[in-house]
1. Looking at region A:421-464, which of its residues are buried (at least 21 other Cβ atoms within 10 Å of the Cβ) and on the phi > 0 side of the Ramachandran plot?
2. What is the one condition in (1) closer than 23 Å to B:ILE222 by Cβ; (2) out of contact with any His (no Cβ under 8 Å at 6 or more places or on another chain); (3) within 14 Å of chain B (Cβ to nearest Cβ) that A:LYS535 does not satisfy?
3. Take region B:160-192 and flag every residue that is small (Gly, Ala, Ser), under 13 Å from B:ALA142 (Cα atoms) and within 14 Å of chain A (Cβ to nearest Cβ).
4. Out of all the residues in region A:540-548, is one or more under 29 Å from A:TYR466 (Cβ atoms) and at pLDDT 90 or above?
5. Pairs please, first residue from region B:323-348 and within 14 Å of chain A (Cβ to nearest Cβ), second anywhere and outside any strand (DSSP E or B) and basic (Lys, Arg), Cβ atoms under 9 Å, 6+ apart in sequence or on different chains.
6. Can you report the number of residues in region A:402-420 which are surrounded by fewer than 19 Cβ atoms within 10 Å (Cβ to Cβ) and of a type outside the set (Gly, Ala, Ser)?
7. Which of the numbered conditions does B:GLY108 fail, given that it passes all the others? Conditions: (1) more than 20 Å from the chain's Cα centre (by Cα); (2) buried (at least 18 other Cβ atoms within 10 Å of the Cβ); (3) within 12 Å of chain A (Cβ to nearest Cβ).
8. Can you tell me which residue among B:VAL218, B:VAL212 is modelled with pLDDT under 85, closer than 17 Å to A:LEU549 by Cα and not hydroxyl-bearing (Ser, Thr, Tyr)?
Amino acid sequence: MPGIPSDSSSLIPFALEGSSQPPPVYPLQHGLRAPIHRIHISWSRGNLLNVTCLRPPPDQQEEMAREDDGIGGKAIEVLLGGAILEGNIGEHKRRRIAYESVKSYAFLHDKKISLAKMETGDNLSAPALTYWWQYTLEYSKSIRDILGNARLHRPLIEDPKNFLKPEEVEQPIGTKAAWELMEIFYVDMQLLSWLPERLVDWLEGYDSLLSKTETVHSKLAILQRKVTSMRVVEDEPGYWNGLAAALAVGWLDVVAKLLRLHGSYDPDQFDKRETENGLVEAVVLLVSEMPRMRPNLPNGKLGICYQTKHDYIKGLEKWRVKVSGLESSPFWVHCNHRPTRDGLINLLHILLGDAKHIADATSHWLELFISHLLYIRPLTNGLEGMGNLAEKCMNLKPSANNGLTSLLAGILSENPEIVLADCLKAFGPWIVAHAVDLLTANSEYTDGLLNEERYQLGGASIGELYMLVYAQALASHPLTWQVAPAYLSTCLNQGRGLLEILLLRQPVQNYRVVLKTLEICHLYELGNISTHIMKMAGMYQWKHGHKGLGIYWFQQSRDRTRLSQIAHKLFDNIGKSLSDDSFKQWEGLMELLGSDVGIAGGLEFLHKYREFKRSLQQIVNGGTVEAAKKSTELLVQLMRNPSTPQRFWLPLLLDSVKLLEWRSGPLLGVSETNLLLGKLQELSMAKLRPDFHGGELKPNALGDVRLALAKNLGRAILEES
Amino acid sequence: MADSGDRRRFIYNLHEQSKPVGAVRWLPSVSPFLRLAAMSVLSPPAIEIHSFSSQSPNPNPDLNLVSSYPLPSSATSLTSFKSHNYTLIAASTSTGSLHIFSVNPYDGKIESQIISISDKDSFHCGPIQSIDVETSSTGECATAGEDGRVNLVLVGEDKVENFRVCESDGLVAYTAVKWGSPVEFVTGGVGPGLQWWDKRRPGGPVAQFKGVWGRGTVTGMIHSIDIHPSRKHTCVVGGSSGAVYAWDLRWQQQAITLAGTGLEAKSQPFSESEVWEVKYDAFTPQVSSTKVLPVMMCSEDGFLAVLQQDERPVQLLEEPCAINSFDIDPQNPSDVIVALEWESVGILSRGREETEMA
């Protein structure tokens, strides 16, 4: 409702009748004093909204205007629907990702097309699919690199008190976490057997993104800050809590490092703590020997890897026997330090997979889920089992969901549509457009679901729709629009049309930008669009007085209509004035138009015409017979010359009346007069044709000329006889 | 087809900028350890001076922003030169203004503004597409604009003078200008090819090369001209349709094609898109004294290459985006700085394998 703002300084979005939820209110700080007279809202680039608030015009409330130093209004930019997790990605980082990912994307699509060509049908058949996922994996890895490599600067001398990962150069970004999660579940077929361990690794990288305060990572970060100032770490409950938390999510190296900070390792001490120290070391040993169902471990990580399920189960049994053996060992009685004893036993319970202890140690449901996978159900396979487990964990530890957790929930519920929708909501259009290929890599069902053409989407598939959304986001920015065509060209249904619109919308003011746009037209073989753009550029330049550039673009676009219009206009003007300045202009224009004028020898005619006009001028000012004769010669030359445009015949004939009426005798002979009469006759005939261009001459001009010619003919016959 | 250069001998570093970069130029450096480069950036429009250490043990030295000179609108042309021991930078803008300022050669800080002209009537109305400064004697700056004007700006002791060489009333849009000698310069533009001007003979160009671009089948624009100080009668030109050709004043009627579909049919097109910049490359050895000297070019389709007459082009870079501008360091011709469309600047060092091995 324009012009009727609410009393408060908030904007309230329009709500549908009967909607169950109350409309959300976003207060907008505009800093203007009430009353607000008018509000204008318009879209800017992307999802930027321009809101202009105007106060009443000063003539209505003059006094107030004076008070406020005449601030009559304000324009505010409002960014809508920014991705939740991605606050730490700057605008330029986003653009960088857009620039670099297009290469990987285009490469994958080229592969897809060439594979499809090798196969008979359009869709990939079974043998192609078997190695298709490897291409997708490569693609996924290259995208992951673009999203940021955690370049760690490891210090040369490691501080034993630095147990947490050194601060990464770049903060982990949610988009990358989401990408990796999808890669784990959808692409890498080799890793399916050790999926739980993959998730452990994943959580290690991105735990800090789950929540700001309630994560293992945040717990350990606090401990890390405190540990340097702690004198006796084993007396602090935070130390044991941190240990339990780190162990629960499987950060074994952190656990080992932390345990070695235990006071019993200190060589200078008064008490006898050998037994205590032995127990701590035994736990460290057990932790570092934990069997893990995975092919290998990165450097510095602890555990013993088992490749096959059979070996793993054997190893696990043996190890569990050792752990329970330590738990029931008689040495605990000799451990005098109570917190150490309780803490270590708690750790052993976690290692043995005690559900209660694990639940106490973790903070987030996802962490609980991971530790269940690690200690209680290490052989969980298949999404259904994981889904049930996740649901259980969510009920046990209800924590606030964010983009990542709902993404994982979506993946486990095996619903790709929900996965994509969640991704779009949390991480923006970039990830969705690129992730469609991940989701469809190994599943024919998903492929069908996402790439099926849907009538209600105007023939587009869901995948294409997301691609279009991303392309629109790219196109809305003047720096990234050049990337958009690569995506639009893969959209078979509506991409072409949108690409044409995008190209036609580019500014034509700067010729360099026009050339860049034309280059894209050339690349995608859009010849008619480039013609349009060149015509638009030509019109712009012509209107702004850049005649040369204008004609250049018209010529490039082969715009005959406009060029001939220009030529007509040019000739119209030539008849009017013959000053030196304007003549130079015409000469230049004529040269530019070249053969496009449609009149052979245009320039030659112009020069002759000028010469004739000049000599005629002299005669009018009182010339001699010789001068008049010369003029006559020029006239006859012009009339004989086939390059003289027909439209000039009548003006020339009119000019010739002065010569025809020369007093001292006829200047034109019989044959010459006949020539002129012939031309006059031709002209009268031509006048009847619809395309005749007569110019602005008197209606009786033809008659005048005819009379003068007839008189002259008579005089000439008399003279010659 | 082009030979791809032996990349092992190259060190190429890409520096991401978080804003679009238009043109890049090396600045004369005083210290061998600290190198300076000027670049024109957008949003907001400015000329930025960046420094980087060329002797640093870090193989990937960062470009550091030293200073910035704001412009009223986007820069269209940028050039750096030395005059009376001053390092000067000249830039023109899309609103027809010219700016010259001096930079401290030791640290890259901007010292003082020398010229800032903007006058729709007596100077340019519309974008100045190209500028060039005559450095050997007069220090005159020639400006060529889309409005069809060519002006000369003389930076005197206390005053700034500019006079009009040509006013074509928009019939010609000039897009490139280059000095050949202290009194002669060449302009290029849209439509009728190249014009050779002589200050001693005012009134019009003394020679014209009517662009028989693609033997009359296509016309094109000229984007860049370069003239070698030792061969003042020859200019190399880069323009539309991947065309790079050399025009010799002594044989005005025909030009020598170095690349592109431009003038002769026999040459294989190397790049078919716009050639944004051409420069003589002093680093590549000359094959024959009778031939055109080696020329480096950059193009819209992301190539940086060295062209030689009757030889196959040597490709130095193949980027996924356009290379808008490049500059060869006059002091160290092995070093090339390039400006890429995707908000980044690259520095290419050629032939450093000995130092790398050591």
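1. A:GLY428
2. Failing condition for A:LYS535: (3).
3. B:ALA176, B:GLY188
4. No, because not a single residue in region A:540-548 is under 29 Å from A:TYR466 (Cβ atoms) and at pLDDT 90 or above.
5. Once the first residue is within 14 Å of chain A (Cβ to nearest Cβ) and sits in region B:323-348, its partners that are outside any strand (DSSP E or B) and basic (Lys, Arg) give B:ASN324/A:ARG512; B:GLU341/A:LYS516; B:TRP342/A:ARG95; B:TRP342/A:ARG96; B:GLU343/A:ARG95; B:GLU343/A:ARG96; B:GLU343/B:LYS19; B:SER344/A:ARG96.
6. 5
7. Of everything listed in (1) more than 20 Å from the chain's Cα centre (by Cα); (2) buried (at least 18 other Cβ atoms within 10 Å of the Cβ); (3) within 12 Å of chain A (Cβ to nearest Cβ), B:GLY108 misses just condition (3).
8. B:VAL218
The values are calculated or read from the model by the stated rules, or taken from the named source; none is laboratory data. Computed from a predicted structure; not experimentally measured. Neighbour counts are summed over all protein chains in view; Cβ atoms, including those assigned to glycine, are modelled from backbone coordinates with ideal geometry.
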